[in-house]
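Visitor: Sharing a structure with you now.
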């Protein structure tokens, strides 16, 4: 039996046999000493009396008070001012337990409106959004149990999801929409309501969100024939192309893709990667691997990464052009110059055909050589010697600060891992540098990351039968940081 149950049983035993007057006096004393207990008694009394309107009114006032509080946190200063939504969550849970679904939807609307306003001014690390989400999750669970009609339940949830400015509501909260409890007729009513809503909305956010839900309503309501005309009216060419492809209209899909690309360029909108990518995918599906590789070459130029490099390689290999394309890709990262253009100007032969649209614009101005991209590709291809040279060419302040994810030195760690088998000393040196950088900060928040880095070092020392060196390193760290108790405690897991 847990301590909580034992304590509860002991309290219950002490209360048993007391008169009503004694119990009332005792509760009054508890309420006087603890205002939360007093509120608890008053709120329960309101519910027990059936006065749900008064109960809801009190919670509306609480929501407004909480949502009006300023929000900030400073992790590095161990300071914060955060609204406490825990009591509101408890009351939401109580309403859920008592079956007051309609009240929860009403309160959820109030919290959603006020909470979004608060989040727009918040300067914390997501704590307030998480607290609001916990309350909203309870309100969303109540939607299917409310007295609102099925279409109204769906529209209520769609309104929340579509106006989630700060992305605090997890997709799982909306699983009830996909539960199959809603009929084709329900979705048809939702589609009609959304059509009216969308037609009255300005073109900016959140119109696109409601359009996406309208597509889902058409699909679930057996109105798929309305999807393509909707995308045509909205001028959403990527979605239009996808809809046409799903209906087997490949030629029309390609035609609309080209039209959409041209219109985007005319409007000065260079964010055409979605259409560009679809053209490449259609070329691949048609077995035109050289054209697919040409599209992927442009995508790699616009935004080089290990992912776009792999996609380029896959298509160029299919086209039998990978050696020349690989040379051009590495040359691009080293110098910024495009061999496809220079070789064509010189009368040379570039193995890929031109694409059917103007080239993509480069996403940002790079400095060359692009060492980070070259390093990622060297890791991908297992070129350890080149990797050592490239990593050594990085500015030392950048190496110490860490590449990739700031908190875990993502690329530094990837380099060390790639070198660990063939060049263990180089890998250990990189990990040691990462650990030293974190240790020099002497911040408890960094200890978890530091220990994970040291654990990698320990594993490699063990694998290479060099445990004596590991023990010496651990002893050195304990001596150097002997005054830092939290760190010494963390280091004990490595013994």
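Visitor: Pairs only if they're at least six apart or on different chains, beta carbon under 8 angstrom, first in segment 15-41 and more than 26 Å from residue 90 (Cβ to Cβ), second surrounded by 12 or more Cβ atoms within 10 Å (Cβ to Cβ) and modelled with pLDDT of 80 or more; list them, first residue then second.
Guide: 18/26
Visitor: Please verify whether residue 291 is farther than 26 Å from residue 225 by Cα and surrounded by 19 or more Cβ atoms within 10 Å (Cβ to Cβ), treating the condition exactly as stated.
Guide: In short, yes.
Visitor: Does residue 360 meet the test of being closer than 22 Å to residue 277 by Cα, surrounded by 19 or more Cβ atoms within 10 Å (Cβ to Cβ), modelled with pLDDT of 95 or more and more than 26 Å from the chain's Cα centre (by Cα)? It would help to see each step written out before you state the result.
Guide: Numbers: closer than 22 Å to residue 277 by Cα: yes; surrounded by 19 or more Cβ atoms within 10 Å (Cβ to Cβ): yes; modelled with pLDDT of 95 or more: no; more than 26 Å from the chain's Cα centre (by Cα): yes.
It is false that residue 360 is closer than 22 Å to residue 277 by Cα, surrounded by 19 or more Cβ atoms within 10 Å (Cβ to Cβ), modelled with pLDDT of 95 or more and more than 26 Å from the chain's Cα centre (by Cα).
Visitor: Looking at (1) at pLDDT 95 or above; (2) more than 30 Å from residue 80 (Cα to Cα); (3) crowded, with 17+ Cβ neighbours inside 10 Å, which one does residue 141 not meet, given that it meets all the others?
Guide: (3)
Matching residues to (1) touching a strand residue (DSSP E or B) at 6+ places or on another chain (Cβ under 8 Å); (2) at pLDDT below 80; (3) under 30 Å from residue 445 (Cβ atoms); (4) not in a loop (DSSP other than H, G, I, E, B):
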site: 39; (1), (2), (3), (4): no, yes, no, yes
site: 50; (1), (2), (3), (4): no, yes, no, no
site: 62; (1), (2), (3), (4): no, no, no, yes
site: 84; (1), (2), (3), (4): no, no, yes, no
site: 97; (1), (2), (3), (4): no, no, no, yes
site: 109; (1), (2), (3), (4): no, no, no, yes
site: 113; (1), (2), (3), (4): no, no, no, yes
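Visitor: Taking segment 148-164 as the region of interest, how many residues are farther than 12 Å from residue 104 by Cβ and outside any helix (DSSP H, G or I)?
Guide: Here the count works out to 3.
Visitor: Just to be sure before I move on: is residue 218 touching a helix residue (DSSP H, G or I) at 6+ places or on another chain (Cβ under 6 Å), surrounded by 15 or more Cβ atoms within 10 Å (Cβ to Cβ), touching a residue at least 60 places away in the same chain (Cβ under 8 Å) and assigned to a helix (DSSP H, G or I) in the structure I sent?
Guide: no
Visitor: Regarding residue 469, is this residue over 24 Å from residue 387 (Cα atoms) and surrounded by fewer than 17 Cβ atoms within 10 Å (Cβ to Cβ)? Give the steps one after another, and end with the answer.
Guide: Values: over 24 Å from residue 387 (Cα atoms): yes; surrounded by fewer than 17 Cβ atoms within 10 Å (Cβ to Cβ): yes.
Spelling it out, residue 469 is indeed over 24 Å from residue 387 (Cα atoms) and surrounded by fewer than 17 Cβ atoms within 10 Å (Cβ to Cβ).
Visitor: Can you report the number of residues in segment 286-336 which are part of a loop (DSSP other than H, G, I, E, B) and under 29 Å from the mean Cα position of the chain (by Cα)?
Guide: 3
Visitor: Among the listed residues 283, 243, which satisfies the condition of being within 27 Å of the chain's Cα centre (by Cα) and closer than 30 Å to residue 353 by Cβ?
Guide: 243
Visitor: Given (1) surrounded by 13 or more Cβ atoms within 10 Å (Cβ to Cβ); (2) at pLDDT 95 or above, where does residue 343 come up short, assuming only one miss?
Guide: (2)
Visitor: While we're looking at this one, here's another question. Which one is nearest to residue 260 (Cα to Cα), of the residues in segment 224-233 that are in contact with a helix residue (DSSP H, G or I) (Cβ under 7 Å, 6 or more places away or on another chain) and surrounded by fewer than 17 Cβ atoms within 10 Å (Cβ to Cβ)?
Guide: Top of the filtered list is 232.
Visitor: Taking into account only those residues within segment 481-495 that are assigned to a helix (DSSP H, G or I) and free of Cβ contacts under 8 Å to residues at least 40 places away in the same chain, which is surrounded by the most Cβ atoms within 10 Å (Cβ to Cβ)?
Guide: 488
Visitor: So which residues in segment 303-328 are surrounded by 15 or more Cβ atoms within 10 Å (Cβ to Cβ), out of contact with any helix residue (DSSP H, G or I) (no Cβ under 7 Å at 6 or more places or on another chain) and under 16 Å from residue 353 (Cβ atoms), if there are any at all?
Guide: If the condition is that a residue be surrounded by 15 or more Cβ atoms within 10 Å (Cβ to Cβ), out of contact with any helix residue (DSSP H, G or I) (no Cβ under 7 Å at 6 or more places or on another chain) and under 16 Å from residue 353 (Cβ atoms), then 324 is the only one that fits.
The values are calculated or read from the model by the stated rules, or taken from the named source; none is laboratory data. None of the values given here were measured: they were computed from a predicted structure. Virtual Cβ from ideal backbone geometry, glycine too; neighbours counted across all protein chains shown.
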